[in-house]
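Undergrad: First, the structure itself, so that you have it in front of you.
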Amino acid sequence: MSIRQSLLAILDQGPCYGYQLRGEFDRRTGSTWPLNVGQIYNTLDRLERDGLVAKADTDSEGHVYYAITAAGHDEVTHWLDSPVVRTQATRDELAIKLAIAVTLPGVNISEVIQVQRAASLRTLQNLTRTKNATSEPESSEELAWMLVVDSMIFAAEAEVRWLDHSETRLARASARGFAEPLPLNTSSPKRGRPVKAEPAAQAAQASQTEQLAQAERAKHVGQAAQAKHVGQAAQAAPAGQVAPAGPLTTDAVR
Amino acid sequence: MSRALASATELLRLDGVAQHYGKGVTAVTALAGIDLTVSRGELVAIMGASGSGKSTLLTIAGGLSKPTSGEVIIEGQWLSDLPPTRIAILRRRTLGFVFQDFNLIPALTALENVTLPLELDGWKSRKARAAGLEALASVELDDHANRYPDDLSGGQQQRVAIARAVVGTRRLILADEPTGALDSTTGELVLRMLRSRVDAGAGGILVTHDPRHAAWADRVVFLRDGRIIDQSAPAGVDTLFADAQRA
């Protein structure tokens, strides 16, 4: 986590006490993500446990200083040398919202997109104003803050562009009839691990099972025309082709 | 419809402006009843997909074409009341256009390009020259007054175009993708100039598809199929940082 590494990198400049560290972190990040003292001490405790910092002197006012260890210094170097990896596990709230919304009946997805676009643009307007209040940074603190603001501007811009793109994609999918809501899957999901099979047989079996399951689901839908369509599609599917996991009723086989 | 000005600072008002092309089954509606006001000190961005009516709106707002229905009111003057010659004068004295491709006259210097609308309007050349230099100074190009467009960079040419748009008594800037032909740093500089002219008392419409550029505006109007579907104005900066802190 970047707070831990950031504090460590600051300590690499010299020993600090908790409250002082907070001030250093704030002024180096434009006070954009203020930390409370509790977070600072929790982090220091963990850094100490991991042998990356050690308690040093206490001054006359009772401030306990923390100093970086050799291992801590190495950790800072490693942090600065390595890219930040954004894992897939980082959930994007907006992407999830739009993905779910597009599968629900009765949701005006254009409206969802527009509401978001207007909000994102407002954010972008505010950021732009904030940035324009300062022309060119005149200290490294201002520079650091400017980088943070720029990053937020680019993120907001990317969001608006993505929304524009989503709108176009949605229009195209609608025109082709692929923007229908997804009904709940009528086959109950199986629990537990599947029975182990020989790897060679596995793919073929999966495909067969999938086709049967689809035909079965189609019957459940109860619409003769659709069931027929699905059945044909299932028969026509080349053997060994594994359908994507969890396609819901008719859309997946069209 | 009241003929009173909505406010003393109102520069432009569109009242139910509609534009239809063609008839019967081939009829196309470019604008379907637009109400929009631009005041002094206000920059309004217009966003929307291609064909949403952005450019048509700008053409009509600038008196370059007449809407099928609705009214365009510039500084309290109803364009429908004016003969074409009066509209031409109004355009010369009040409006400035800024286009994507700068539209400067290559045979004229930067200063001559800027003073051209004043000279057409019968200004004495000394007075026009002084006003032209002042306008060029407002975009930080007074030291390039005697250069020809070919000797200027794209960003500088666009700044000359902005100076021309605000020279003399001109107060309403209508910009159609003014940064479209510029790289992003130059584009930002041009927008900064446009913004500063607006802050100094002009009003402007900025048609753009770029969210980062639209963000320079006080208000962003979204067009779809010739209608305004939404508008957004920034909230206070405090709100922004409250959001950032929560995140």
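Undergrad: Quick one: of the DSSP bridges fully inside chain B, what percent are antiparallel, nearest 5?
TA: Around 55 percent of the beta bridges assigned by DSSP in chain B are antiparallel ones.
Undergrad: Give, as a single signed number, the net charge of other residues whose beta carbon lies under 11 Å from the beta carbon of A:Tyr17, with Lys and Arg counted +1 and Asp and Glu -1.
TA: Around A:Tyr17, the surrounding residues sum to -2.
Undergrad: Separate question: What translational diffusion coefficient, to the nearest whole µm²/s, does the range A:50-186 have by Stokes-Einstein, given a Kirkwood radius computed over alpha-carbon pairs, a temperature of 25 °C and 0.890 mPa s viscosity?
TA: Result for D is 124 µm²/s.
Undergrad: Please report, in debye to the nearest 20, how large the charge dipole of chain B is about its Cα centre when each Lys and Arg carries +1 at its beta carbon and each Asp and Glu carries -1 there.
TA: 680
Undergrad: Name the residues whose placed amide hydrogens come within less than 5 Å of the amide hydrogen of A:Ala56, ignoring near sequence neighbours (fewer than 5 apart) on the same chain.
TA: Answer set, sorted by chain and number: A:Tyr65, A:Tyr66, A:Ala67.
Undergrad: At most 15 other Cβ atoms within 10 Å and a DSSP loop assignment: could you name the chymotrypsin sites (Phe, Trp or Tyr not before Pro) in the range A:81-182 that fit?
TA: Passing both the DSSP loop test and the Cβ count: A:Phe178.
Undergrad: How far is the Cα center of the range A:99-128 from the Cα center of the range B:8-63, in Å?
TA: Cα centroid to Cα centroid, the span is 24 Å.
Undergrad: Within 10 Å of each Cβ of A:159-167, how many other protein chain Cβ atoms are there on average?
TA: 2
Undergrad: In addition: Find the all-direction average of the projected area of the Cα convex hull for the range A:2-81, expressing the result in square nanometres with one decimal place.
TA: That works out to 5.0 nm².
Undergrad: Can you tell me how chain B classifies by the Cα gyration tensor, rounded, prolate or oblate, using a/c under 1.5 as the rounded cut?
TA: Cα axes put chain B in the oblate bin.
Undergrad: So what J values fall out for the range B:17-24 if you push phi through Karplus, 6.51 cos²θ - 1.76 cosθ + 1.60 with θ = phi - 60°, rounded to Hz, Gly and Pro as x?
TA: Rounded to whole hertz, the list is 6, 10, 9, 10, 10, x, 9, x.
Readers should treat all values here as calculations from the given coordinates under stated rules, not as data from a laboratory. Since this is a predicted model, take the numbers as computed values, not measurements. Every residue, glycine as well, gets a Cβ built from its backbone with ideal geometry; the counts of neighbours run over all protein chains shown.
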